[in-house]
Structures are given as C-alpha cells and as structure tokens.
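The values are calculated or read from the model by the stated rules, or taken from the named source; none is laboratory data. From a predicted model like this one, the values you see are computed outputs, not experimental measurements. Please note: Cβ atoms are built from the backbone with ideal geometry, for glycine as well, and neighbour counts cover all protein chains shown.
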Amino acid sequence: MPSKSSLKAEQTTNSREQSGAEALNDALALCLERDPSTLLIGEGVPDPMGIFGTTTGLRDRFGAERVLDMPLSENGLTGICIGAAISGLRPIMVHQRIDFALLAMDQLVNNAAKWRYMFAGQASVPLVVRCIVGRGWGQGPQHAQSLQSLFAHIPGLKVVMPVFPDDAKGMLCAAVADDDPVIFIEHRWIHPVRGEVPDGYFETPLGKARVRREGRHITIAAFSFMTIEALHAARALANLGIEAEVIDMRSVSPLDVPTVLRSVAKTGHLLVADTGHQSFGVAGELISRVVRQGFDHLTAAPVSVTLPDLPCPTSHVWAAHYYPTAVDIAEQALRQCGISIGEAEHRELEKLLPTTPPDIPNPDYRGPF
Amino acid sequence: MPETTSNTNEHALLRRMLRIRRIEEALAKRYAEQEMRCPMHLCIGQEATAVGVTAALKKDDHVFSGHRAHGHYLAKGGDLTRMIAELYGRVTGCCEGRGGSMHLIDQAAGFMGSTPIVGGTVPVAVGAAWASTLRNEGRVIALFFGDGCFEEGVLHESMNFAALHQLPILFVCENNDYAVYTALGDRQPQRPIHGIAAAHGLQTSNLDGNDVRAVQTAAAEATQRARSGEGPQFLELHTWRWREHCGPDIDDQLGYRSPEAQAAWLARCPIQREQEHLRGQKLLTETELHNMERNIQQEIDIAFDTAISAPLPPVENMHRHLHAQ
C-alpha cells in the first residue's frame, strides 16, 4: 500500500515520476559525472542487483576505477575512504544493511567524526555512507535495525533520512557536495516509493524539515518511512475533523527543531513518529527539545510512535505487532487531541489497516531480501 | 628541519636522532611541572626507525602515525614549536590545543596525522595511498604502527586492500616487544610478524630497527619499489622503548621486562651506534658533536620559550571546526 503513494513533489518545469531507487541512481550518476573525484564503493555496488537498483549501470558509465566492489572489510574500508577523503577524493560508501556499518563504528566515530575538529579544521572528510534499513520478509534481528540515534549521538556526523524520491535525490547530491561526513540512511521501503523528481542536478539542504501537509490541530513530526504512515493517518484524521500537520523531518542531525516549534505553536499538540526504538531515541530527543523550547505552546504531553524496545523478531506473524503503522499514529493522534475512540473512529482506523501483509512493502514483492 | 652549517650531510642521521632524543628528554624533564596535561608516549630509544624511514622519503611523501608519534612528526619535518605548544595546550599548537601529544599534524611537512587508537590510522594511510594512485600523484605513504597492531583486525583489512590494489604504501612496524606491560609472547603465537605481511602479499624486510643506516637503506629500497608500482611494502623494525609506555619515567623497577633484555637493548642505543660509525669513518670530531649538541639545545630552549609564551585557546573557540564553515 505505501508504495502506491504518488505524493506530489514541488512541481518544476522539468520533472518526471520516479521511484526512490531510480532517483538515487540518477543522483549518483550526476555526482559521478560532475566531479571526477567522486567514488562509489560498497559490497555489491557493481553486481547484477545493483543495491536494489540504485547503482545499476554506473560501473559501465564511470569505470571500474571509480565504481567498485569492496572486500568484506567494513571498518577497514571506512578508514580507507576517510584516508581518500582527506586526500582530495569524495567517496560514497554503501552498506546494504545499516547493521553492517556497526563493524565500522571505530572509524566512523573515532576518525570520520573527529578528523576535522581534532586537527583544527586543517583537513576535511567529505564522506557519504549510505546505510539501508531493512524491513519485512523476515529480515530479523540483524538485518532490520534503524540505528539513526546511534550515529546522531556523535558530534561531527550528519545524519539524514529522506523518504520521498525528490528528497532522496537532492539530499544525496547535497551529502556528496558536503565537506563533512554524512550518514545517509535509506529505509528499504523508500526505494519503491514513487513521486515527481526534478530533472538534472540539484541539492536539497541537509538539516531542514519539510511540511508535507498543513493542519491546525496536531503536529505529526515523522522520520523516514513513518512520514508515509503519517500522511495516511492524516487522511483518516481529516475524515474525523482533525487536521494534522505532517512534517517530514528529513534530517536527524542537524535536527530542524524550529520548524516543529512553529507548527506546535499553531497546533498545541505533538506526535513524533520514528522508525527506531523508543528508548534513548530520536523521537525522545525531538520531544525533549520541543518541551524545553516550546513548553508554553503545548496543551498536552507529547507522544511518540516508535518500534518497541525489542530486537526485530523474524517470523512474519510478529510483523504486524512489531511495526507501528498509520493506525497507531491516528489512534495516538486522536487521544492526543482528547478524542475518545468511538464507533466512527473505529471505522476510520479500520480503513487504514494495510491491505498487503505487514511484512512486505507492496503486493508485487516476492523476496528474498 | 633546521640544519646548521657546522654539520655535514654525513651527520644528518645522527643529528636528527639526537635532536629527537634531546627534545623528548626536555619534555620528560618538564612533564612534572604539570603544565603539559596530556598523555605522552616517548620514543626514546626508538629514534632510528623514525629517522631511517623518513630519510628515505621525499618531502611530498606523506606519513601517518599512532600514539607514539613525536619522533615520526619531527623526523618528517614537523614544526617543533607547534608540537610543544600543542603539548602545552596553546592556541599556537599544531591542533590549536585540540589534540595534545596523541594528535599531531603538520601537513605542510607531509605529516598527515597521528591518532592514539591502535590501528586507527592504518586504513586512513591506505586510503591516502589509494588517492595517490587514483590521482596519479606519485606519492608514497609511510605508516608507522607497533607490534600490537597485528592483533587489530583493521590492519589485516587494510593490508588486504593495499595488496589488492597494489597501492604505494610502506607499512612500518616498530616491534618493541611490548604492548604497555604485556609481552608479545603473551599476545601472539610464535611466528614472525613479517610472515603475516608476506602472506597478505606484501614485500617484506625484517631488520634491526636500531641500525639507522640499515633502516634507511631498507626503507629506500622499499619506497623505490612502492613508487615504481610494485605495491605495498612492509618493514619489521626490531627496537626497544627505554621508558614507560606512557609518561616521562623509566619503569624498570616494575619488573615486567627482564633486566638482561633492558641492558642488552641499552647497549644497542641507535645514537651511540651512529656516533661510533661516524668516528670509525673519521667523520665526526668531539668538537662537531659538541657543537651539534649546543645547537640542538639552543633550538629546544627557544622552541619551549616561544611555545609556552603563546596564549591558551580562547574559550569561545571551543565550538569551532566541528563542521566546515
């Protein structure tokens, strides 16, 4: 169901409808084309599957020297890309699962994040690390983590999570052009999401949220794929007389708190939806900042919709219980606005129930990863 | 690096080693003042590895190092005053006070950075060598690390990639037999370290790291091979740290190293050996040595005075340099 979303991007004279994967592929091609110092490296980058289609064809266009596979050495290769970055190149690394990037935490945290600061600005690390968050089809405990809060805790790392194809393209271009390390987190389910994408090279600033739907009763600030769930929820809420403002946060660090504060000043209510776990997470951080900086605007205690504090279980029977959806967001939003769930509310919430099994992104999906 | 007219080129290796020794002795002496408030790992006794290897490099070649980096920084031509200022936490330090002894950099001299996580700069140096190849720079990268680094997975990941892409890098292992207080035999099985590098496909040499001329020759040959496209090179240099792992003192009284081993290595002082070599060749007089000592001491005194008289970093500078401006 989510993949059917064809949410309109800002219309430009030249744009086309694309999937997230196609938009990312275009972004990579444009970056490789415009700057010969750009490199693309990762396990599976040149293989026939092309990282879910995001790297397909790039080796043929830009050569094996600049578009290459890598040994199964996540920490070593991260350090090697850091060394290349401080030496004038702009490497883009790809991890097919963010879980693999955990092997590289030493180089990311101790070197990439600190090289500029500890050497007093004498060197830059223009490194992009694309990390894909798995979901569904039994990805399980070690292939479905959403670890944005881990990276966002580290000063010196920028962390972004686009969801719509236009943002995926513009933010990837901006990340590659950035002189600092950027952790570019792609939820696996954003790859099939379709939307209008401007043609050609453009950069979408990092650290800026985007209001995707205006409303006056409640602010729903969402990260990554939860933005799509939030927009579904908002349509159901509208049928019940609640106009939700949906903000696609797009970046985790820097975190665009001012945009959320402006919205909360209007709505008085805040719900934060994140793809990560509840505790010590991004949702809690955003709520904390809004409460500290905008306490007077709030008419109720903010709530969050997140993963439970549990590893992801594999059996598909648990998927519906593990992953929160538009239903959870709508239900929490109603409670937040002081509306009890009666018969009419139940009917609307039921309409939000996914029509596809909750462990696959769309009806065409056949596995295996 | 300042060379005085009283020293001929024959004296260069001796002078560079002696300079590092005297600088570190001065640091050790002043450490008790509690003004250099950062962990400090002295390389006294190991000067020949730094001087021999860097003597084989061009100015445009790059060097990376780890926690025990003073000698590598100085031998590559790193600015002495900025290093001392960094240890004193001054704004004129090579990292403006953000690094201390364990984070040194002087990019103008080709010293590209040292950091104290064991193995931390190993892949970074390999990445710099990769960039040298991709950008056709003709630059060789030299990387210093210790025997303990062989226990870090990232070293093997890095050697694998360097060999796969035949990168122009010189891996220099300073094998001083100890990781803090733990002997090599308690950390690794009985097999030669250079054999592991050879198994990764590197060309290796295994030699006395306290013989500065042998080190220079081996490094020159290895650097030449690396520069001409023969891929990554490896030197295992056997040496000995005279003082404690971290700090200014001698810690023989702790008994973790045998007195016999300590005495044997002290007798193999790289500086004494080079002096004897020069005297044997009738290339060094007592006057020349005296003048060398005096000039070095003058340079050190001025460097300390300049470094210490510089201001501390302004408090408001703390937030600078987190991101590009």
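Could you tell me which of the residues A:ASP166, A:ASP179 is within 26 Å of A:LEU231 (Cα to Cα), modelled with pLDDT of 95 or more and not aliphatic (A, V, I, L, M)?
A:ASP166
Out of the residues in segment A:250-286 that are of a type in the set (A, V, I, L, M, F, W, C) and in a strand (DSSP E or B), which is nearest to the chain's Cα centre (by Cα)? So that I can check it myself, show each step before the final result.
The first filter runs over segment A:250-286 and keeps only residues of a type in the set (A, V, I, L, M, F, W, C), leaving A:252, A:255, A:257, A:260-261, A:264-265, A:270-273, A:280, A:282-283, A:286.
If we keep only those that are in a strand (DSSP E or B) as well, we get A:252, A:270-273.
Numbers: A:VAL252: 9, A:LEU270: 20, A:LEU271: 18, A:VAL272: 14, A:ALA273: 12 Å.
Within segment A:250-286, the match that is nearest to the chain's Cα centre (by Cα) is A:VAL252.
Considering only segment A:64-77, state which residues are touching a residue at least 24 places away in the same chain (Cβ under 8 Å) and either more than 7 Å from every other protein chain (Cβ to nearest Cβ) or of a type in the set (A, V, I, L, M, F, W, C) (or both).
A:ARG66, A:VAL67, A:LEU68, A:ASP69, A:MET70, A:LEU72, A:GLU74, A:LEU77
Among (1) more than 10 Å from chain A (Cβ to nearest Cβ); (2) among the charged types (D, E, K, R); (3) surrounded by fewer than 24 Cβ atoms within 10 Å (Cβ to Cβ), there is one condition B:ARG68 misses while meeting the rest; what is its number?
Of everything listed in (1) more than 10 Å from chain A (Cβ to nearest Cβ); (2) among the charged types (D, E, K, R); (3) surrounded by fewer than 24 Cβ atoms within 10 Å (Cβ to Cβ), B:ARG68 misses just condition (3).
Looking at B:PRO270, is it exposed (fewer than 12 other Cβ atoms within 10 Å of the Cβ), at pLDDT 95 or above and not aromatic (Phe, Trp, Tyr)? Show your work before the answer.
Details: exposed (fewer than 12 other Cβ atoms within 10 Å of the Cβ): no; at pLDDT 95 or above: yes; not aromatic (Phe, Trp, Tyr): yes.
No, not satisfied.
Restricting the first residue to segment A:293-314 and requiring it to be in the same structural domain as A:GLY138 (by TED's automatic domain parsing) and part of a helix (DSSP H, G or I), which pairs with a second residue that is surrounded by 14 or more Cβ atoms within 10 Å (Cβ to Cβ) and at pLDDT below 95 meet a Cβ separation below 7 Å and a spacing of at least six or different chains?
none
Please name all residue pairs, on different chains or six or more residues apart, with Cβ atoms under 7 Å, provided the first residue is in segment A:104-122 and is within 7 Å of another protein chain (Cβ to nearest Cβ) and the second residue is surrounded by fewer than 24 Cβ atoms within 10 Å (Cβ to Cβ) and among the hydroxyl-bearing types (Ser, Thr, Tyr).
A:ARG116/A:SER124
Condition check ((1) polar (S, T, N, Q); (2) within 9 Å of another protein chain (Cβ to nearest Cβ); (3) more than 12 Å from the chain's Cα centre (by Cα)) across all residues:
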| site | (1), (2), (3) |
| --- | --- |
| B:LYS76 | no, no, no |
| B:ARG82 | no, no, yes |
| B:LEU87 | no, no, yes |
| B:ARG98 | no, yes, yes |
| B:SER114 | yes, no, no |
| B:LEU134 | no, yes, yes |
| B:GLU137 | no, yes, yes |
| B:LEU143 | no, no, no |
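Could you go through segment B:192-203 and let me know if any residue there is part of a strand (DSSP E or B), without any contact (Cβ under 8 Å) to a residue 40 or more places away in the chain and surrounded by fewer than 24 Cβ atoms within 10 Å (Cβ to Cβ).
Yes - at least one qualifying residue is present in segment B:192-203.
Residues being more than 7 Å from chain A (Cβ to nearest Cβ) and under 21 Å from B:LYS59 (Cβ atoms): count how many of those fall in segment B:116-131.
Of the residues in that region, 2 qualify.
Which one is surrounded by the most Cβ atoms within 10 Å (Cβ to Cβ), of the residues in segment A:322-369 that are out of contact with any Gly (no Cβ under 9 Å at 6 or more places or on another chain) and among the β-branched types (Val, Ile, Thr)?
The selected residue is A:ILE329.
Kindly provide the set of residues from segment B:133-145 that are in contact (Cβ under 8 Å) with a residue 24 or more places away in the chain and in contact with a Gly (Cβ under 7 Å, 6 or more places away or on another chain), ordered by number.
B:PHE144, B:PHE145 - these are the residues of segment B:133-145 that are in contact (Cβ under 8 Å) with a residue 24 or more places away in the chain and in contact with a Gly (Cβ under 7 Å, 6 or more places away or on another chain).
Looking at the structure I just gave you, is B:GLN224 within 30 Å of B:LEU134 (Cβ to Cβ), surrounded by 15 or more Cβ atoms within 10 Å (Cβ to Cβ) and either among the polar types (S, T, N, Q) or out of contact with any strand residue (DSSP E or B) (no Cβ under 8 Å at 6 or more places or on another chain) (or both)? Walk me through it before giving the result.
On the way: within 30 Å of B:LEU134 (Cβ to Cβ): yes; surrounded by 15 or more Cβ atoms within 10 Å (Cβ to Cβ): no; either among the polar types (S, T, N, Q) or out of contact with any strand residue (DSSP E or B) (no Cβ under 8 Å at 6 or more places or on another chain) (or both): yes.
Answer is no for this residue.
Mind telling me which of the residues A:VAL94, A:VAL67 ends up being under 16 Å from A:ILE132 (Cα atoms), among the hydrophobic types (A, V, I, L, M, F, W, C), surrounded by 23 or more Cβ atoms within 10 Å (Cβ to Cβ) and modelled with pLDDT of 95 or more?
Checking each option against the conditions leaves just A:VAL94.
Go through segment A:83-103 and report how many residues are out of contact with any Pro (no Cβ under 7 Å at 6 or more places or on another chain) and either under 30 Å from B:ASN136 (Cβ atoms) or facing another protein chain (nearest Cβ under 8 Å) (or both).
Taking segment A:83-103 and keeping what is out of contact with any Pro (no Cβ under 7 Å at 6 or more places or on another chain), we get A:86-89, A:91-103.
Next, only the ones that are either under 30 Å from B:ASN136 (Cβ atoms) or facing another protein chain (nearest Cβ under 8 Å) (or both) stay: A:86-89, A:91-95.
Total satisfying the criteria: 9.
Every residue in segment B:126-144 that is touching a Leu at 6+ places or on another chain (Cβ under 7 Å) and over 17 Å from B:ARG225 (Cβ atoms), please.
Matches in segment B:126-144: B:TRP130, B:ALA131, B:LEU134.
Which condition does A:GLN142 not pass, out of (1) under 19 Å from the mean Cα position of the chain (by Cα); (2) part of a loop (DSSP other than H, G, I, E, B); (3) within 14 Å of another protein chain (Cβ to nearest Cβ), if it passes all the others?
(3)
Going by the conditions given, is A:ARG61 of a type in the set (Lys, Arg) and surrounded by 13 or more Cβ atoms within 10 Å (Cβ to Cβ)? Step through it out loud before you land on a result.
Values: of a type in the set (Lys, Arg): yes; surrounded by 13 or more Cβ atoms within 10 Å (Cβ to Cβ): no.
Against the criterion (of a type in the set (Lys, Arg) and surrounded by 13 or more Cβ atoms within 10 Å (Cβ to Cβ)), A:ARG61 does not qualify.
Working carefully through the options B:THR81, B:THR115, find the one that is over 15 Å from A:ASN110 (Cβ atoms), in contact with a Ser or Thr (Cβ under 7 Å, 6 or more places away or on another chain) and touching a residue at least 24 places away in the same chain (Cβ under 8 Å).
On the way: B:THR115 fails: over 15 Å from A:ASN110 (Cβ atoms).
The match here is B:THR81.
Tell me yes or no: at least one residue of segment B:232-250 is buried (at least 18 other Cβ atoms within 10 Å of the Cβ), of a type outside the set (A, V, I, L, M) and within 14 Å of chain A (Cβ to nearest Cβ).
yes
Of all the residues that make up segment B:133-163, how many are of a type in the set (S, T, N, Q) and either assigned to a strand (DSSP E or B) or crowded, with 23+ Cβ neighbours inside 10 Å (or both)? Give the derivation first.
Residues of segment B:133-163 of a type in the set (S, T, N, Q): B:133, B:136, B:158, B:160.
Narrowing further to those that are either assigned to a strand (DSSP E or B) or crowded, with 23+ Cβ neighbours inside 10 Å (or both): B:158.
Number of matching residues: 1.
What's the number of the condition A:VAL176 fails, among (1) outside the structural domain of A:PRO91 (by TED's automatic domain parsing); (2) touching a strand residue (DSSP E or B) at 6+ places or on another chain (Cβ under 6 Å); (3) buried (at least 23 other Cβ atoms within 10 Å of the Cβ)?
(1)
Working only within segment B:179-191, note down all residues that are out of contact with any strand residue (DSSP E or B) (no Cβ under 9 Å at 6 or more places or on another chain) and part of a strand (DSSP E or B).
Listed by number, the residues that qualify are B:THR182, B:ALA183.
Within segment B:214-231, is even one residue acidic (Asp, Glu) and in contact with a Gly (Cβ under 9 Å, 6 or more places away or on another chain)?
No.
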